[in-house]
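The structure under discussion appears below in the form of structure tokens.
Quick note: the coordinates plus some simple rules give every number you see, no bench work behind them. What you see is a predicted model, and the numbers here were worked out from it, not measured in a lab. Please note: Cβ atoms are built from the backbone with ideal geometry, for glycine as well, and neighbour counts cover all protein chains shown.
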């Protein structure tokens, strides 16, 4: 057999997870002019694009325009999409090893971190992940219910997802109906009784993780005042010193300026209020059979090992509320047959090469990229550089021929296996039919699209196209 990566023996790569990292990895592999490669991109959903479709807030359409880049990758020779195929369920990792020279796992961090406080599991306390999936028409969350009948909701976290969630709770029906928000979410949000959304940040304004556009948007809501107590933006000496140093980045400086400007505003008397609070941590969620209040602890910042840590002062306050949404970080879910670092919640790897264990070397032919490789950090574009590191290491292994030795690398083999197992997979052409149907559903209402929320609906749409 000739060398892997030649015309006679093209490099066969399976990428598991069709989000940004998966598409960037596919692009890096397929655009290499000196290498003959074929990439099959798998996803458990019939729809590609991961968090760009299921995580980006519906009122942020510009961010979703990155999809055009991924569509160019999908149009490259050697690319195939296999949607509605769950690795570890429909196909085992061991079966992929018999069909490909390399497998790249780009499955992201699919679940949320816990607060670890009493009452966290009460009805009315949810992960922001679930709420985001619910309003974005993610099939996993289509049947979730969120009680929006109380006057106050509490969002825990100070990143962009927390800002998105707070903003989505405060958008008017008019604003929502210009987006691709799931129909079930529009109806529920239109009927909400929530009048105040309190956002709790564990540390101070200088340590907040949101970016400038996300915080500025809160001050431009159609029917919600943003409220910041002037005391909330009084900085401790260490934060003030950092803000005045050369180490501070522009994002942090602008965030603090924006928050100070909010603290000087007079409320306009809009129907809703978004209240931003800092140095506040949830201590306990209370209620009789459902969320009725949250106990909040007051923190102070203390310097430890060169970083500022939030320390509980012992001061307590109880807020009545009926909805708590936690957005305190994401973590990965282990895949059967893939070494996992339980402590970090990530696939065990070095530079994208998956390791057999902490003390062992590279698991031949196995790679990872994206959040499941490095943790949930950065913006969508961060994944391009991250995927490049992984692919460069993969190319080094192609050069040294340190890859898997598949029994049947023929591209038809995976199609035969799926057919044999009775798995109804979705090709990229099938996805384009679903895409067109969603856009068509939105046109009469002046909306970018009306999403299908159930896998069955998507498969039926493709069936109709094939029948036609």
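Relative contact order for the chain: what percent, with Cα pairs under 8 Å and sequence separation of 6 or more? Let's see the in-between values first.
Numbers: 945 pairs, mean separation 101.2, N = 468.
Once divided by the residue count of the chain, the mean separation gives 22 percent.
Multiplying the residue separation of residue 313 and residue 247 by 0.36 nm and subtracting their alpha-carbon distance yields 20.9 nm. For the Cα atoms of the chain, what angle does the longest principal axis make with the long axis of helix 428-442, in degrees from 0 to 90, nearest 10? Helix 428-442 sits roughly 30 degrees off the main axis of the chain. Axis angle, to the nearest 10 degrees, between helix 455-467 and the longest C-alpha principal axis of the chain: 40 degrees.
The simple spin-label model puts a point 7 Å past each Cα toward its Cβ; for residue 344 and residue 184 those points are separated by 3.6 nm. Could you work out the Rg to Rh ratio of region 111-330, with Rh taken as the Kirkwood radius (inverse of the mean 1/r over all Cα pairs)? Ratio of gyration radius to Kirkwood radius: 0.96. Distance from the Cα centroid of region 1-80 to that of region 139-188 is 30 Å (rounded to whole angstrom). Contact order for region 111-330, expressed relative to its length and based on alpha carbon pairs under 8 Å spaced 6+ residues apart, stands at 32 percent. For the pair residue 286 and residue 364, a Förster radius of 45 Å applied to the C-beta separation gives a FRET efficiency near 0.30, rounded to the nearest 0.05. Between rounded, prolate and oblate, where does region 310-457 land on the alpha carbon gyration tensor, with a ≥ b ≥ c its root eigenvalues, rounded for a/c under 1.5, else prolate if a/b exceeds b/c? Oblate shape, in that a/c is at least 1.5 and b/c is the bigger or equal ratio. Maximal additional length on extending the residue 144-residue 94 stretch stands at 14.6 nm, based on 0.36 nm per residue less the C-alpha distance.
How large is the helix-only mean residue ellipticity at 222 nm for the chain, computed as the sum of -39500 (n - 2.57) over DSSP H runs with n ≥ 4, divided by its residue count, in deg cm²/dmol to the nearest 500?
Numbers: 17 runs with 151 residues, N = 468.
It comes out at -9000 deg cm²/dmol, rounded to the nearest 500.
Footprinting exposure proxy ranking of 298, 167, 273, fewest other C-beta atoms within 10 angstrom first, gives 298, 273, 167. Cβ crowding within 10 Å, taken as a proxy for footprinting-reagent exposure, orders 278, 23 from fewest neighbours to most as 278, 23.
The angle between the Cα long axis of helix 160-170 and the main principal axis of the chain comes to about 60°, on a 0 to 90 degree scale. Ranked by how many other Cβ atoms sit within 10 Å of their own Cβ, fewest first, the residues 280, 239, 149, 21 fall in the order 149, 239, 280, 21. The mean of 1/r over all pairs of different alpha-carbon atoms in the chain, once inverted, gives a Kirkwood hydrodynamic radius of 23.9 Å.
For the pair residue 439 and residue 392, a Förster radius of 35 Å applied to the C-beta separation gives a FRET efficiency near 0.40, rounded to the nearest 0.05. Of the beta bridges in the chain, as assigned by DSSP with both residues counted there, near 40 percent are antiparallel.
Under the 0.36 nm per residue contour assumption, what length would be gained going from the current alpha-carbon distance of residue 3 and residue 229 to full extension?
Taking residue 3 through residue 229 to full extension adds about 74.7 nm, to one decimal.
For the pair residue 399 and residue 419, label points projected 7 Å from Cα toward Cβ lie 4.0 nm apart. Rounded to the nearest 0.05, the FRET efficiency derived from the C-beta distance between residue 304 and residue 111 at R0 = 25 Å is 0.30. Site pair residue 191 and residue 36 shows an inter-label distance of 6.1 nm when each label is modelled 7 Å from Cα along Cα→Cβ. May I ask you to list the residues of region 201-244 whose amide nitrogen lies under 12 Å from a point 7 Å from Cα along the Cα→beta-carbon direction of residue 254? Flagged as within label range: 211-217.
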